[in-house]
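Colleague: Before we start, here is the structure in question, set down as structure tokens.
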Amino acid sequence: YPYGSWANRVAVWRFVRDIPHEVNHPTRPLVADIEDKLSRFADTPKLACWGLRDFCFSEHFLDQWRDRFPDLQVESFADAGHYLLEDATDECIPRIVAFLRNA
């Protein structure tokens, strides 16, 4: 188990607490600012590699990216989850390399 003690878990705990789920969360303005600036990437080639078994980022989140960027190239992996590059290394890496070569 990689996080067998509090000392090993505290960074992950703090990271999760920093996700602005509430409107008045301290990091909400930063996230809103980043969201406002995403339009800068409208003409930039984009690739989303997505593990369809992700426990954290479901297809709902992928759909939001697709709505925001209709030209988004999506490579989805049915048997991969949150740790996509660990779950689908051999399938994912060649697609990333091909995308970067053509971008």
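Colleague: Would you pick out the residues in region 86-103 that are within 28 Å of SER39 (Cβ to Cβ) and in a helix (DSSP H, G or I)?
Modeller: CYS92, ARG95, ILE96, VAL97, ALA98, PHE99, LEU100, ARG101, ASN102
Colleague: Are any residues in region 36-73 more than 21 Å from LEU100 (Cβ to Cβ), in a helix (DSSP H, G or I) and not polar (S, T, N, Q), and if so, which ones?
Modeller: Once the filter is applied, which keeps residues that are more than 21 Å from LEU100 (Cβ to Cβ), in a helix (DSSP H, G or I) and not polar (S, T, N, Q), region 36-73 yields ASP36, LYS37, GLU59, HIS60, PHE61, ASP63, ASP67, ARG68.
Colleague: Another question about this same structure. Would you be able to tell me the number of residues in region 8-26 that are over 18 Å from the mean Cα position of the chain (by Cα) and in a loop (DSSP other than H, G, I, E, B)?
Modeller: So the answer is 5.
Colleague: Another question, then. Here are the criteria: (1) surrounded by 12 or more Cβ atoms within 10 Å (Cβ to Cβ); (2) not assigned by TED's automatic domain parsing to the domain that holds ASP71. Tell me which single one LEU52 does not satisfy.
Modeller: With respect to (1) surrounded by 12 or more Cβ atoms within 10 Å (Cβ to Cβ); (2) not assigned by TED's automatic domain parsing to the domain that holds ASP71, LEU52 is out only on (2).
Colleague: Return a yes/no flag: does region 22-43 have any residue that is within 27 Å of ILE93 (Cα to Cα) and touching a helix residue (DSSP H, G or I) at 6+ places or on another chain (Cβ under 7 Å).
Modeller: Taking every residue of region 22-43 in turn, at least one turns out to be within 27 Å of ILE93 (Cα to Cα) and touching a helix residue (DSSP H, G or I) at 6+ places or on another chain (Cβ under 7 Å).
Colleague: Output the number of residues of region 61-100 satisfying the condition of being within 22 Å of ALA42 (Cβ to Cβ), out of contact with any strand residue (DSSP E or B) (no Cβ under 9 Å at 6 or more places or on another chain) and free of Cβ contacts under 8 Å to residues at least 12 places away in the same chain.
Modeller: Qualifying residue count for the region: 4.
Colleague: When you scan region 21-35, do you find a residue that is under 30 Å from ARG101 (Cβ atoms) and among the aliphatic types (A, V, I, L, M), even just one?
Modeller: yes
The values are calculated or read from the model by the stated rules, or taken from the named source; none is laboratory data. These numbers were taken from a predicted model, which means no experiment stands behind them. In this analysis, Cβ positions are derived from the backbone assuming ideal geometry, glycine residues included, and neighbour counts consider all displayed protein chains.
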